[in-house]
1. Ordered by residue, what ³J(HN,Hα) values in Hz, to whole numbers, does region 128-136 give under the Karplus form 6.51 cos²θ - 1.76 cosθ + 1.60, where θ = phi - 60° and Gly and Pro are x?
2. Using r as the Cβ-Cβ distance of ARG30 and VAL239, and R0 as 41 Å, what FRET efficiency do you calculate, to the nearest 0.05?
3. Please compute the net charge surrounding LEU268, taking Lys and Arg as +1 and Asp and Glu as -1 over other residues with Cβ under 14 Å from its Cβ.
4. In Å², and per residue, what accessible area does region 30-93 have when probed at 1.4 Å with the other protein chains present?
5. I'd like to check one number: the per residue accessible area of region 124-228, probe 1.4 Å, reported in Å² as a whole number.
6. In a solvent-free Debye calculation with one equal scatterer on each Cα, what is log10 I(q)/I(0) for region 218-266 at q = 0.20, 0.31 Å⁻¹, listed in the order of the q values?
7. Mind listing which trypsin sites (Lys or Arg not before Pro) in region 124-206 are in a DSSP loop and have 10 or fewer other Cβ atoms within 10 Å?
8. Of all accessible surface on region 176-288 at a 1.4 Å probe, what whole percent is carbon and sulfur?
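The values are calculated or read from the model by the stated rules, or taken from the named source; none is laboratory data. Quick caveat: nothing in here was measured; it's all calculated off a predicted structure. Heads up, the Cβs are rebuilt from the backbone with ideal geometry, glycines too, and the neighbour counts pull from every protein chain shown. Calculation scope for accessible area: heavy atoms of the full protein, side chains included, ligands and nucleic acids excluded. Shrake-Rupley method; radii C 1.70, N 1.55, O 1.52, S 1.80 Å.
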Amino acid sequence: MSTDQIETKTRSRPVSQLLAEEKKRITPKRPRDYVAWAAAIAIVVGLVSTAVTNENYRWPVVFSYFTTQSILNGLLVTLVLTAVSMALSTLLGLLLAVMCMSQQRPVSGLAQLYITFFRGTPVLVQLIFWFNIAALYPHLSIGIPFTHISTPVNVNAIMTPMTAAVVGLTLNQAAYMSEIIRGGFASVSRGQHEAAESLGMSGFTKLRHVIIPQTMPAVIPATGNQVIGMLKETSLVSVLGVADLLNSAQSIYARNYQTIPLLIVASLWYLIMTLVLSVPQSMIERRFSRSTRAQLTPAAASAEPGAGQPVPTTRESLL
């Protein structure tokens, strides 16, 4: 067989470019592995046994209230609160992240002050504060400065329990989202900023077409975790009287005194929603992790000097 034929066959074969962390490792079983499995199985069997045999759980009551209309209405309110609060907090977090990356000290200082305050105080305290904000500002007026054109606003009428819940959850979550987005901005190398500026892009165009698309692999998986956390944090709004899932369960057991079964109903629904949200989150994380690892393949590293190496980043103004 000639050398040319050998080279042709070699080139036609698919060459696997698996990284070291992608290769399956074979580890021998040790006695402690079997002991750990036995202990885990014993714990699971014990928990299932006590849940099934203990009549105080009252599983028939749990199943009878699991799909009642009031519980389903509370479930819908919980999902709406989660979606609205996460959408608004993501937009506000993006604005705060851009402000933090600004080279104007007053702008970045205000953003840091906001983040410090809302991350440093409990969510429950913030929710109660916004619900009672009318005690500080019972009446406000919205108008044009230095003119007599204004419209009075009754804060007590506007700040309903649902409004206070959305405002409190949004403002608190925005502080965390801004840190996630800012970390994504920091992952973009300085060369990308310089390339966008050399093409004459404005700050907004650079942010929209260059920076934000490259931050997605770092931002989206973490945002998925925040969505699941927000779903569970919505249970705090029950103290404001919002008819969410937990509040609906509390309203029922306040009448029939079936406290434990109704709490189990609420817990099962939270668990189901968390598992449902975890599936697309895991898929998104795997997709972006593969795309990130693909940029560090040996072929890419050999094609460009310095490729696959960490790129030092500096604080770049985004606008």
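1. Values, residue by residue: 5, 5, 5, 5, 9, 5, 5, 5, 8 Hz.
2. On the way: r = 50 Å, r/R0 = 1.22.
With a Förster radius of 41 Å, E is 0.25.
3. Around LEU268, the charge tally is +2.
4. Details: 4340 Å² over 64 residues.
The answer is 68 Å² per residue.
5. Working: 5790 Å² over 105 residues.
With the other protein chains kept in place, region 124-228 gives 55 Å² per residue.
6. Ignoring solvent entirely, the Cα scatterers give -0.69, -1.07.
7. Values: sites: ARG182, ARG190, LYS206; in loops: none.
Sites meeting the loop and neighbour criteria: none at all.
8. Numbers: 3390 of 5540 Å².
The computed percentage sits at 61.
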